[in-house]
1. Looking at the chain, what % of its DSSP beta bridges pair antiparallel, to the nearest 5?
2. Test of understanding: ordering 386, 337, 278 by Cβ neighbours within 10 Å, fewest first, what list do you get?
3. Below 8 Å, C-alpha to C-alpha, sequence gap of six or more: please give me the relative contact order for the chain in percent.
4. Please give, to one decimal in nm, the separation of the simple spin-label points placed at residue 108 and residue 381, each 7 Å out from Cα toward the Cβ.
5. So what is the calculated 222 nm ellipticity per residue for the chain, using -39500 (n - 2.57) for each DSSP H run with n of 4 or more, over all residues, to the nearest 500 deg cm²/dmol?
6. Given the C-alpha centroids of the range 252-323 and the range 101-127, what is the distance between them in whole angstrom?
7. Could you give me the ³J(HN,Hα) list for the range 289-297, computed from phi with Karplus coefficients 6.51, -1.76, 1.60 and θ = phi - 60°, whole Hz, x at Gly and Pro?
8. Over 18 Å, how big is the tail of the calculated P(r) for the range 300-381, in percent of all Cα pairs?
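Coordinate-derived values only; no laboratory data. Predicted model, so just to flag it, every value in this text is computed and none were measured. Backbone-built Cβ (ideal geometry, glycine too); neighbour counts: all protein chains shown.
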Amino acid sequence: MPRPAADLHVLRLCSVFEPPETRRRAGPGALPGELDSRAARFDPIGGMQNHTATLTRCLDARGVRQTVVTARLAGPRGTTPLGRGARVHRTGLPVPRLRQLWALAGLLAVLRAGRPTPVDVVHAHQGEDLATLLLGRLAARVHRCPLVVTLHCSVGHTLTGRGPKVRLLRALGGRVERGALCRADAVVVLTERTAAAVRDDGVPADRLSTIPSGFDPSLFTGSPADVFPGVARPRIGYVGRLAPQKSPGTLVEAFGRMREEAALVVVGDGPDRALVHRLAATSPATGRITLAGFVEHARVPAVLGSLDVLVLPSAYEEMGSVLTEAMAAGLPVVASRVGGIPEVVRHGDTGLLVPPGDVDALAAALDRVTGDAALRARLAAGARARAVDYSWPALAGRVAEVYDRVLGVPAVEQAAA
């Protein structure tokens, strides 16, 4: 007899998940809820980490039992509770260049996941780590249950670049990805653009759902204090990983070419940290650039509330979950016209879109939005109105409906659940 989503046991597989909370120490200890900074800096937290963690919390609130198997980053290996009924198993080695090996280390946790409660659904979250798809297929076979795959970044359709690693991922990874998606019982994508590409690869439309990333409305309440009281306005902000995909250096260069007087705040950490610091130090506007470093996700709403414009200059992007959080904070956005970003940011309505990698076009867009307070106000109003479509509790409900569908739960039972 099919079981409604509220009684399910979901095995969630993801190469990245938010780090555990810092353990209390003697002396000046960590703040309650503060994340393990060592792990967060090993693999700076981005959209996929926040997506998997927030989805797990929202489904936990609905009564869904969940076992999460993920990589340990640089934090401790082990099992920790999350919410009322979720448990997170962190495994693998703290070695970034061999991160795919987390899947081998996670095999034992996957095999034991059905004790004492059988696994009803395996949900694999695919980023650029193809081992997750292979582990997901194995887990579904071992537990004899449906496989759901969420495609956070399509290596076959979204990933760009010219390096040997990227070329190998696109060639070999594209085949692995297509094979896994065509065999999955349900596929969740973040944007309609990716949905069309996946349908062309042979995934039946009735197995495909478009469910974007969103924001947690509980984090966007009240009026937070100004995080950057000494920084002049208007403030242009970047919030995210400092990584080639996000191209933060393009923003620093564009800021140096602006005609309007503004301040730039860069929040984040990652492999491009040295590049960003070098560009900021040599920029003609260096005195107006603030490099704020890593900020944990719970504090991002206060950061966004202290900005006037958010910029996402990505070279490639499946969606860009920080965009939905920026809209929830009432921020106009300037972003690259690439990937699924145009489905989130409506040019002239919630923000401005520019060609990826075009420094002059980005500088011109920043001049336009910072030099026109009326335009900023209009875009901010449009952003707030658009944000209502991206509330995580509602999106998690749609994911629960996918679970019901692959288990054959009739629609009337879904409504009752």
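1. Numbers: 6 of 55 bridges.
Bridges in the chain are about 10 percent antiparallel.
2. 278, 337, 386
3. Working: 846 pairs, mean separation 64.7, N = 417.
It comes to 16 percent, rounded to a whole number.
4. 6.0
5. On the way: 17 runs with 153 residues, N = 417.
So the calculated ellipticity at 222 nm is -10500 deg cm²/dmol.
6. 37
7. 10, 10, 9, 8, x, 6, 10, 5, 4
8. Details: 1143 of 3321 pairs.
Cα-Cα pairs of the range 300-381 separated by over 18 Å account for 34 percent.
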